[in-house]
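First up is the structure itself, then whatever we jot down about it.
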Amino acid sequence: MVEKTASSLIDGVDLGAATRTENYEIAAYEGLRRMAKALGEDDAVALLDENLAQEKDALREVERIATRVSNESVNQALPASR
Ligand SMILES: [Fe+2]
């Protein structure tokens, strides 16, 4: 099936999975941060803030790549006169 599928479609599916993963990770870190904050664990809150910032950066990067791949696949699929 992979051999018969356009590589841009496979890339799109993979990038969708990566986007979902980053969003899950962000939600997990936000939940952990809330618990650490409620417990008064300020050192843990600071570390979790760093993790959260890294995950948000990763999400923005994946979304940037996904947008580029989507635009490229549309441009390849549609006639140039569009
Ligand atoms: Fe991540």
Next item on the list: Evaluate the relative contact order of the chain (contact order divided by residue number), counting alpha-carbon pairs under 8 angstrom at least 6 apart; express in whole percent.
Entry: 41
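Distances over 21 Å make up what percent of all Cα-Cα pairs in the chain?
Value for the chain (Cα pairs over 21 Å): 48 percent.
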Notebook entry, point to check: Dipole magnitude of the chain about its Cα centre, charges +1 at Lys/Arg Cβ and -1 at Asp/Glu Cβ only, in debye to the nearest 20?
Noted result: 500
Next item on the list: Would you look at the GNM of the chain, springs on alpha carbons closer than 10 Å, and say which of N71, N51, N23 moves the most?
Entry: N71
Margin query: Residues of segment 2-23 with backbone nitrogen within less than 17 Å of a virtual label 7 Å along the Cα-to-Cβ line of I65, please, listed as ranges.
Written below: 7-23
Checklist line | Pairwise centroid distance, computed over Cα atoms, of segment 1-24 with segment 25-82, Å | finding: 16
Checklist line | For the chain, with +1 on Lys and Arg beta carbons and -1 on Asp and Glu, the positive-most of A77, A17, A38 along the dipole | finding: A77
Note to self: I'd like the orientation of helix 7-38 relative to the chain: the angle between its Cα long axis and the longest Cα principal axis, in ° from 0 to 90, rounded to 10.
What the structure shows: 10
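Values quoted throughout were computed directly from the atomic coordinates according to the rules given, and no laboratory measurement underlies them. All of these numbers come straight from a predicted model, not from anything done at the bench. No Cβ is skipped: glycine too gets one built from the backbone with ideal geometry, and neighbour counts run over all protein chains shown.
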